[in-house]
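Enquirer: One structure coming up, written as structure tokens, with questions to follow.
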Amino acid sequence: MAVFAEQWIDKDETNIRVRAMVGELDGSNLLKSDRTGSYQLSNGLAEEVAEDLIDQGADRILKRFNDA
């Protein structure tokens, strides 16, 4: 599992990009999500990324990892 966030200023507005991925231990399946928006929406962007990964099956991957 990995998460990376970066911010920058563009025309007097602070923006943020949140990227995350979850993968099988053997690398056979890698799920990715990426959202960009205003810095004021950063918590919402992080939640969207998490929900997207869960929709792709990240919860099942993480459960297998925890059960191992």
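Enquirer: For a quick protection proxy, order the peptides 4-16, 43-55, 24-36 by their average other-Cβ count within 10 Å, most packed first. Before the final figure, lay out each step's value.
Expert: On the way: 4-16: 10.6, 43-55: 15.2, 24-36: 12.5.
By packing density, highest mean first, the sequence is 43-55, 24-36, 4-16.
Enquirer: Could you tell me whether the chain comes out rounded, prolate or oblate from its Cα gyration tensor? Rule is a ≥ b ≥ c as square roots of the eigenvalues, rounded for a/c under 1.5, then prolate if a/b exceeds b/c, otherwise oblate. Don't skip to the answer; put the middle values down first.
Expert: Working: a/c = 3.51, a/b = 2.63, b/c = 1.33.
Since a/c reaches 1.5 and a/b is larger than b/c, the shape of the chain is classed as prolate.
Enquirer: Let me ask you something else. Please name whichever of LEU31, LEU41, THR14 sits farthest to the positive end of the charge dipole of the chain, dipole taken about the Cα centre and charges placed at Cβ: Lys and Arg +1, Asp and Glu -1.
Expert: LEU31
Enquirer: Next question, about the same structure. What distance in nm lies between label points placed 7 Å from Cα along the C-beta direction at GLN7 and ASP34?
Expert: Label-label distance for GLN7 and ASP34, simple model: 2.1 nm.
Enquirer: Using a basic spin-label model with each label point 7 Å from the Cα along Cα→Cβ, how many nm lie between THR14 and LEU62?
Expert: Taking the two extended label points, one gets 2.7 nm.
Enquirer: I would also like to ask the following. Counting only protein heavy atoms and using a 1.4 Å probe, what share of the accessible area of the chain belongs to carbon plus sulfur, as a whole percent? Walk me through the numbers before you get to the answer.
Expert: Values: 2500 of 5030 Å².
Roughly 50 percent, rounded to a whole number.
Enquirer: Using a 1.4 angstrom probe, figure out how much accessible area the stretch 1-66 has per residue, in square angstrom, rounded to the nearest whole. Intermediate values should be presented prior to the final figure.
Expert: On the way: 4820 Å² over 66 residues.
Ligands and nucleic acids excluded, the result is 73 Å² per residue.
Enquirer: Where the only charges are on Cβ atoms (+1 Lys, Arg; -1 Asp, Glu), what is the dipole of the chain about its Cα centre, to the nearest 20 debye?
Expert: Values: 8 positive and 14 negative charges, 33 e Å.
For this selection, approximately 160 debye.
The values are calculated or read from the model by the stated rules, or taken from the named source; none is laboratory data. This one's a predicted model, so the numbers in the text were calculated from it and none came from an experiment. As a convention, Cβ positions derive from the backbone with ideal geometry for all residues, glycine included, and neighbour counts pool all protein chains shown. Ligands, DNA and RNA are stripped out before the accessible areas are found, and what is left, the full protein with its side chains, is counted by its heavy atoms. Shrake-Rupley method; radii C 1.70, N 1.55, O 1.52, S 1.80 Å.
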